[in-house]
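To start, the structure under review is shown below, and the notes come after it.
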Amino acid sequence: MCGIVGYIGAKQAYPILIKGLRRLEYRGYDSAGVAMISQRGALNVYKTKGKVDNLTDYCTDKDVSGSIGIAHTRWATHGEPSARNAHPHYSQSHNLAIIHNGIIENYADIKAKLQEKGVAFASDTDTEVLVQLVEYIMSNRSLTLLEAVQTALFQVIGAYAIAIIDKREPTQIIVARKQSPLVVGIGESEFFIASDASPIIDYTDKVVYLEDGNIAVIRLGEELKVMGIHGEEQELKVKKVDLNLGQIEKGGYEHFMLKEIFEQPECLTNCMRGRINVEGNQVTLSALIDHHQQLLGAKRIVIVACGTSWHAGLIGKQLIESLCRIPCEVEYASEFRYRNPVVSKDDVVIAISQSGETADTLAAIQLAKEQGAFIYGICNAIGSSIPRATDTGTYIHVGPEIGVASTKAFTGQVTVLSMLALCMANKLGTISIERYRQMVSELTCIPKKMEQALQANEEIKHLARIFTYAKNCLYLGRGYNYPVALEGALKLKEISYIHAEGYPAAEMKHGPIALIDSEMPVFVIATRDRLYEKVISNIQEVRARGGRVTALITEGDEQIKQYADHVIELPDTLECFQPLIASIPLQLLAYHIAVCKGKDVDRPRNLAKSVTVE
Ligand code: M6R
């Protein structure tokens, strides 16, 4: 959460910083700010509450000159969203300015000690404590900025990606990271810093991803210098970024979310490319070639993830158990990490994360690693922290997901889990070769079927108007479609702010049925599968209590049409791949309801794309 950007070179920093902030706004957008050192040596900090547009309006009559600067877009943790709590934060003398992504957990102790020494604070944030501490150390121990940052970081408990500038040294930025991402871009006599590579790719494709515990000194006219926590110099690992502008622009769609929903057929084709052979009957995952002993020898599989990725994990569990016959559990990473779970070296832990930066998932990986488990990552963001922390893994390769509500990452994760389960089952001999080939071949047909499902967009747009004023909604599904119900409800909640619950359809009679009346829209995923007849009974139960049913049905199903108020027809596929198709209308429904309500679909309130705090 929070986006950080920085620039040092010969160009004017301000336009580069603002453009970078816009790219990173998905990480947080409750306030934004910039700091530049002007030609005359002034350190100017400007910050506003709200989105980056507010900041640029505010800056129209300000001195934004300077070719060194740092900027920040915030997702509040300590201190309400306000200009006073926005970053950058000055030190007391206004010589230093800092931006920070993460949480300084022991900030209150440090703050109290500094206050005793007479340091005055201008915000309620944990971040300001760090810059004040650095200044205090510099002035009391006559240390350089670098030495003071190193000393301060030893006193700090928590997570951080920071950038700090000193107006007395206008050719230098000091950056550091621990458990929060930070990338340095290397241009021709210029450097860029950012939380991810997207603000950098307009200028250079050469980047260095800092590792945990790294401090880097970025000085004009010198090589980038990266050090470990004790100042020991690190080898410079320069990588080439493989990201193009088209991937991070809206491409004619009104919102990133809509673009990402419509991209799914292409994304899944990319996800399967090189992994399923052209005949479409054989899956190969390099992780399974390189680590077959650990993966196939698993006595148990534990999936850890958060949010939408956790929903994908629930589908993964069903795939793994039914195809590979290996017991599989799915855990919220945030619970797993704190409940002293039993993990052994015979376990494989699968960590699923779009961003690859989710703090709870990273901590769960760490814990499982310490207990000897083999760790497999399923991530989207290339080079992010989770793929680097795992023993092996598979990228979903669906391209950058910018909309805060996850869509294509979900279907990408389910696709990788399907390929993994099929590949393992084939090697373990737990499914017949005929069944294996039939399933792999069906998986390759999913992108075409998704295209067909997307054709219902206009019809769903129309339906969305009916539900715009709903206060509560219920989503029901069974088996593989139960996680789809959870995911549909989550999408609606996060972008339209309508309360929604996902439930296993048969559990409804154990409580939630009390909620049903004519005011309660109920969305039922009722495709033709093993539990079809049972789901019909659940629909009848809702109808009998006056509930309004919208059913997602298999195309051509005339039976449910008699009972439902509205139906959305879906192309038929195997039961285990149904989530890949059925999630599409629910994504579109949430999207159109949110648009009808006038909500900011790509930047819903209180949320951030990448949750790097616990
Ligand atoms: O990047 P991750 O997949 O680890 O993120 C996990 C959740 O924060 C994320 O899926 C969240 O629930 C989405 N906003 C849901 O749309």
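We did not get these values from a lab; they are worked out from the coordinates using the rules stated. Computed from a prediction, not measured in an experiment: that's the story for all the values here. As a convention, Cβ positions derive from the backbone with ideal geometry for all residues, glycine included, and neighbour counts pool all protein chains shown.
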Worksheet item: Using the alpha-carbon centroid of each, what span in Å lies between the range 116-159 and the range 538-570?
Response: 62
Practice prompt. Return the aspartates and glutamates within reach of Lys117: Cα separation strictly under 17 angstrom, same-chain partners fewer than 8 residues apart disregarded; answer none if there are no such residues.
Written response: Asp109, Glu128, Glu135
Discussion item. Strictly greater than 34 Å: what percent of every Cα pair in the chain meets that?
Written reply: 45
Worksheet item: How do His397, His87 line up, fewest other C-beta atoms within 10 Å first?
Response: His397, His87
Response to the item:
dims of the range 268-332, Cα set, principal axes, largest to smallest, nearest Å -> 36, 28, 20
Discussion item. Which three numbers, in whole Å and largest first, are the semi-axes of the equivalent ellipsoid of the range 1-51 derived from its Cα gyration tensor as √(5λ)?
Written reply: 21, 13, 7
Worksheet item: So how tilted is helix 457-467 from the main axis of the chain? Cα-based, degrees 0 to 90, rounded to 10.
Response: 80
Worksheet item: What ³J(HN,Hα) values, in whole Hz, does the Karplus curve 6.51 cos²θ - 1.76 cosθ + 1.60 give for the range 70-76 when θ = phi - 60°, with x put for Gly and Pro?
Response: 10, 8, 8, 10, 10, 10, 4
Worksheet item: Which value at 222 nm does the chain reach when only helices count, each DSSP H run of 4 or more adding -39,500 (n - 2.57), with the total divided by all residues and rounded to the nearest 500 deg cm²/dmol?
Response: -11500 deg cm²/dmol
Fill in: the range 532-537 - phi-based ³J(HN,Hα) in whole Hz, Karplus 6.51/-1.76/1.60, Gly and Pro as x
3, 4, 5, 5, 4, 4
Discussion item. What FRET efficiency comes out for His292 versus Glu329 if R0 is 22 angstrom and r is the Cβ-Cβ distance? Round to the nearest 0.05.
Written reply: 0.50
Worksheet item: If we count other beta carbons within 10 Å of each Cβ, what is the order of His100, His510, fewest first?
Response: His510, His100
Item to complete: Determine the percent antiparallel among the DSSP beta bridges restricted to the range 250-454, to the nearest 5.
Response: 5
Worksheet entry | Convex hull of Cα atoms in the range 250-454, direction-averaged projection (nm²) | 10.9
Response to the item:
Ala514 and Ser432 label points (each 7 Å along its Cα→Cβ direction) are spaced in nm at 4.9
Worksheet item: Which of the aspartates and glutamates could a cross-linker span from Lys225 if the Cα-Cα distance has to be under 12 Å and same-chain partners fewer than 8 positions apart are dropped?
Response: Glu233, Glu235
Discussion item. Between Glu451 and Asp600, what is the label-point separation in nm under the 7 Å Cα-to-beta-carbon projection?
Written reply: 3.6
Worksheet item: Want the number for Ala42 to Glu254: 0.36 nm per residue separation, take away the alpha-carbon distance, what's left?
Response: 72.3 nm
Worksheet item: If you find the alpha carbon centre of the range 34-89 and of the range 186-257, how far apart are they in angstrom?
Response: 21
Worksheet entry | Between 0 and 90°, nearest 10: helix 307-324 axis offset from the chain longest Cα axis | 50
Fill in: Net lengthening on full extension, Lys225/Gln155 (0.36 nm per residue, minus Cα-Cα)
22.9 nm
Worksheet entry | Cα-derived Rg over Rh, computed across the range 3-243 with Rh taken as Kirkwood radius | 0.93
Worksheet entry | Nearby lysines by direct alpha-carbon distance to Lys11 (threshold 17 angstrom, same-chain neighbours under 8 apart not counted) | Lys19
Worksheet entry | Long-range lysine pairs (8 or more apart or interchain), the range 455-614, Cα under 17 Å | 16
